[in-house]
Amino acid sequence: MPYADVIIDISHEKLDRPFQYRIPERLLSNLEVGMEVLVPFGKSDKVIRGFVIDITDQCDFDPARIKEIRAIAQGGVTVESNLIRLAGWMHKNYGSTMIQALKTVLPAKHSVGKLTRRMVVRKAGTEELISALGEAARKKQSAKEKLLRELLNNQTLPYEWITSKLGVSAATVRILERAELVSVVTESGYRNPVGQREADGDRKVLSPDQQAIVTQVLTDYDAGRRETYLIHGITGSGKTEVYMALIEQIVARGRQAIFLIPEIALTYQTLVRFYQRFGDRVSLINSSLSAGEKYDQCQRAKNGEIDVIIGPRSALFTPFPRIGLIVMDEEHEGSYKSENTPKYHARETALEVARLHGASVVLGSATPSLESYYRAMKGEYRLFRLRERLTGGNLPKVYTVDLREELKSGNRSIFSRKLQELLEDRLRKGEQSMLFLNRRGYAGFLSCRSCGYVMKCPHCDVSLSEHAGGRMICHYCGYERPKVTVCPQCGSKYISAFRAGTQQIEEKLKERYPQARVLRMDADTTRQKGSYEKILAAFAGGEADVLIGTQMIVKGHDFPGVTLVGIIAADLSLSIGDFRAGERTFQLLTQAAGRAGRGQSPGEVVIQTYQPEHYAVVHASHQDYEAFYQEEILYREMLSYPPVSHMLAVQIFAREEGRGKGLAESLAGTASAFIDGREPVARRMLLMGPAPASIGRINDIFRFVFYLKYANYDTLVNVKDALEERLKEMQPREVSVQFDFDPINTM
Ligand code: ADP
Ligand code: ZN
Ligand code: ZN
């Protein structure tokens, strides 16, 4: 006789404990996970509502005392039941407990404060504002100056944007408020945040290419076809305009829309465009909202007060009653994958949300993920291209510099002669430059500075990483060998790990060009809240000649004054021990190159590398995505990496090294039972590892990992289930295990 696990109240506190009920005969065939039911509860058996989160054969109580479900509640599919079904799907497909999955998708119930969307509205006239601006500049009150400058161009500004993105404190806003230059209003008192001026004034006439996309998606939609669409278009090609047109049309059909965007890529301009188009029917969620504020947003969504939500991956769980469209901008971004269990990918999850609601999905990117493009090529997604930049501006001129040649001609500096020449030119002309170090937090790889040779794993074709004790290790399969001191290819002794960091680049730059004003942006300089925005704002305001930084500086932001971009060492992302290294490098180089020449003057880009012939570098220098894709997908095919195959990472964490290693080996043994030796090798499930993780120990926790590759995702889910069963039997102590399907970051 089956039983149902029921949660009584959807709030975090109560979730921890589902209650078990017997399913009566008459309900057996109808009852499903996610359904709302009526159950007797407590001593008095008062009948209340609950949600079924699981159906099992196992009774955890005394079967004689267990109560029975009374009925399935009326009302059909509710918001909650959709979310619970989604949690069930995540639980199954990503490997987490049901409770973990529920906590991910359900809004925390918190005491509800007042509605919190506040706007700063300009009260003073232009003259007055300019004189205040002059005074602030004289007194070097830079925060005040920054805010006043924004207010010159905008009648109103969202409060949350001022304090987070602009990096101006609440205290500064209060000073302006007291001086009667601005007033702060809450949404209830101010329905249309962007003013009556021209609520719809900014609507563009779509280009024929844009219109074709909108027409196709809507025609499908109205004919009842729900599809996934991929828009491949460079930055500035008009994707956002298409998203807005689609969202508007879907909202007009009485449904809601979710606009996903990596938090870091959301610019103020984009936000204003949405506010202008959708007024107070659009809302923004981001990580800086408090739990109470998030809950408010959820309530508004549920009550039908808003139609559109903008936010990072968690915006997918907005409890809208009838979602009609999910848009995912910058769909290639790694931040769409959750790093916490359940390690879900927002793209896959968006497809599931769309399936539950009967919604369409639109993905967009200038450099689509291999996953999406592969599916588009197979005809699973419908592909559209936008090829022209609508605001003019030419593509930059790209120089690829061979660092081996630099060494040969005696230049040991981290700046090639070409980069020096162009930097000096910009400093002379007073134009801005960006220097970009595409470094990631990985252990170093070894490469030859004479011939460019990179030490690779003979089995996995990824770079070997340098480890203590003079060893080099592959983090997929565990292959290891002693560190070489002489290049196996050319015999040079210049074989070493590249160690320059952003700080070192800054020092070298100041040494060489003492007159240059330099800003640096990396994990160190952005630790404080708001410092990221501060640095960007300072650079945009012309307070520096050169901005040095990691990948943070290439996302989203427009600096019309930048005419030179230098990539210090393309190899840094090319040779990390990860099968996505080429894809990431292509994306980063393309994005970085796109930073140059957004304004009137044409831009130039210098890519420094030891591997100028590498296809990711070659195709990025021509901004040729297609050509890159063709080569990259061959590599994935040959070695059965995603998206051609699927991959399950099993990650083991242990306080004691031996215990972790032992468990990793034992679980890998269990997994290998799934490998059918009779299948042809090309289609066989493959086991890689176990190996120590790329960072083998963090906070005294040892980390091991092994990987399984197989064409069929569901089979990998079965393996995961088997491993979970095995873990239940073993009850290993002081170790933990996590699953990561189609991992984005190697561990
Ligand atoms: P993307 O999202 O691809 O970066 P946007 O939609 O932001 O592109 O468009 C880039 C710029 O071109 C914006 O300033 C936008 O206002 C403008 N734009 C977009 N579509 C049109 C159009 N049909 N006519 C004129 N300008 C447009
Ligand atoms: Zn060499
Ligand atoms: Zn290997």
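The table below lists the values:
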quantity	calculated
Filter result (within 16 Å of ligand 2 (Cβ to nearest atom) and either more than 30 Å from ALA668 (Cβ to Cβ) or without any contact (Cβ under 8 Å) to a residue 24 or more places away in the chain (or both)) within region 492-510	SER492, LYS493, TYR494, ILE495, SER496, PHE498
Inter-residue pairs, beta-carbon under 7 Å, first over 19 Å from LEU639 (Cα atoms) and in region 669-682, second hydrophobic (A, V, I, L, M, F, W, C) and open to solvent by less than 50 Å² (accessible area, probe 1.4 Å), 6+ apart	THR670/ALA722; THR670/LEU723; ALA671/LEU708; ALA671/VAL719; ALA671/LEU723; PHE674/MET685; PHE674/VAL719
Number of the exception - ILE258 against (1) of a type outside the set (Ser, Thr, Tyr); (2) farther than 18 Å from LYS302 by Cα; (3) surrounded by 23 or more Cβ atoms within 10 Å (Cβ to Cβ)	(2)
Residues being under 28 Å from HIS232 (Cβ atoms) and touching a Gly at 6+ places or on another chain (Cβ under 6 Å) - total across region 287-330	1
Single condition GLN504 does not satisfy, out of (1) assigned by TED's automatic domain parsing to the domain that holds LEU435; (2) in contact with a Cys (Cβ under 8 Å, 6 or more places away or on another chain); (3) among the polar types (S, T, N, Q)	(2)
First in region 690-716 and within 16 Å of ASP742 (Cα to Cα), second anywhere and open to solvent by less than 40 Å² (accessible area, probe 1.4 Å) and assigned to a helix (DSSP H, G or I), Cβ under 7 Å, 6 or more apart	PHE706/ALA664; PHE706/ALA668; LEU708/ALA671; LEU708/LEU716; LEU708/VAL719; TYR710/LEU716
In region 33-49, the residues that are at pLDDT 85 or above, part of a loop (DSSP other than H, G, I, E, B) and open to solvent by 70 Å² or more (accessible area, probe 1.4 Å)	SER44
Complete set of residues in region 202-259 that are of a type in the set (Gly, Ala, Ser) and not in a helix (DSSP H, G or I)	SER207, ALA223, GLY224, GLY233, GLY236, SER237, GLY238, GLY254, ALA257
Residues located in region 74-119, provided they are modelled with pLDDT under 85 and hydrophobic (A, V, I, L, M, F, W, C)	VAL77, VAL79, MET98, ILE99, LEU106, ALA108, VAL112, LEU115, MET119
Which listed residue is farther than 26 Å from VAL168 by Cβ and open to solvent by 60 Å² or more (accessible area, probe 1.4 Å), from ALA540, ALA468	ALA468
Residue under evaluation MET730, criteria (1) among the aliphatic types (A, V, I, L, M); (2) open to solvent by 40 Å² or more (accessible area, probe 1.4 Å); (3) farther than 21 Å from SER96 by Cα, criterion not met	(3)
Among (1) modelled with pLDDT of 95 or more; (2) open to solvent by less than 10 Å² (accessible area, probe 1.4 Å); (3) not polar (S, T, N, Q); (4) not in a strand (DSSP E or B), the one test that GLU352 misses	(2)
Matching residues in region 60-91 - criterion: being open to solvent by less than 40 Å² (accessible area, probe 1.4 Å) and in a loop (DSSP other than H, G, I, E, B)	ILE66, ILE69, ALA73, THR78
Criterion (within 21 Å of PHE445 (Cα to Cα) and surrounded by fewer than 19 Cβ atoms within 10 Å (Cβ to Cβ)) met by exactly one of LEU634, LEU639	LEU639
Residues within region 6-29 that are open to solvent by less than 30 Å² (accessible area, probe 1.4 Å) and either under 14 Å from LYS67 (Cα atoms) or modelled with pLDDT of 70 or more (or both), tallied	7
Filter pass, ALA649 being within 25 Å of the chain's Cα centre (by Cα), buried (at least 21 other Cβ atoms within 10 Å of the Cβ) and of a type in the set (Gly, Ala, Ser)	yes
Residues (of a type in the set (Lys, Arg) and assigned to a strand (DSSP E or B)) located in region 651-706	ARG697, ARG703
Count of residues meeting criterion [more than 18 Å from GLY379 (Cβ to Cβ) and buried (at least 22 other Cβ atoms within 10 Å of the Cβ)] in region 209-237	3
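Rundown of residues vs (1) surrounded by fewer than 21 Cβ atoms within 10 Å (Cβ to Cβ); (2) within 18 Å of the chain's Cα centre (by Cα); (3) over 25 Å from HIS357 (Cα atoms), yes/no style:
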| residue | (1), (2), (3) |
| --- | --- |
| VAL242 | no, no, no |
| VAL251 | yes, no, no |
| ALA265 | yes, yes, yes |
| TYR268 | yes, no, yes |
| PHE274 | no, no, no |
| TYR295 | yes, no, no |
| GLN299 | yes, no, no |
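Conditions (1) of a type in the set (Ser, Thr, Tyr); (2) within 16 Å of ligand 2 (Cβ to nearest atom); (3) in the same structural domain as LYS165 (by TED's automatic domain parsing); (4) over 20 Å from ALA569 (Cβ atoms), marked per residue:
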| site | (1), (2), (3), (4) |
| --- | --- |
| GLY470 | no, no, no, yes |
| TYR476 | yes, no, no, yes |
| ARG481 | no, no, no, yes |
| THR485 | yes, yes, no, yes |
| CYS490 | no, yes, no, no |
| ARG512 | no, no, no, no |
| GLN515 | no, no, no, yes |
| ASP524 | no, no, no, no |
| GLN528 | no, no, no, yes |
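Okay, residues lined up against (1) within 23 Å of GLY501 (Cα to Cα); (2) buried (at least 19 other Cβ atoms within 10 Å of the Cβ); (3) more than 16 Å from ligand 3 (Cβ to nearest atom):
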position: LEU422; (1), (2), (3): yes, yes, yes
position: GLU431; (1), (2), (3): no, no, yes
position: ARG449; (1), (2), (3): yes, yes, yes
position: CYS457; (1), (2), (3): no, yes, no
position: ASP461; (1), (2), (3): no, no, no
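The values are calculated or read from the model by the stated rules, or taken from the named source; none is laboratory data. Quantities reported herein were computed from a predicted structural model and do not represent experimental measurements. Cβ coordinates were reconstructed from backbone atoms using ideal geometry, including for glycine residues, and neighbour counts include every protein chain displayed. Just the protein is used for accessible areas: all its heavy atoms, side chains included, with ligands, DNA and RNA removed. Shrake-Rupley method; radii C 1.70, N 1.55, O 1.52, S 1.80 Å.
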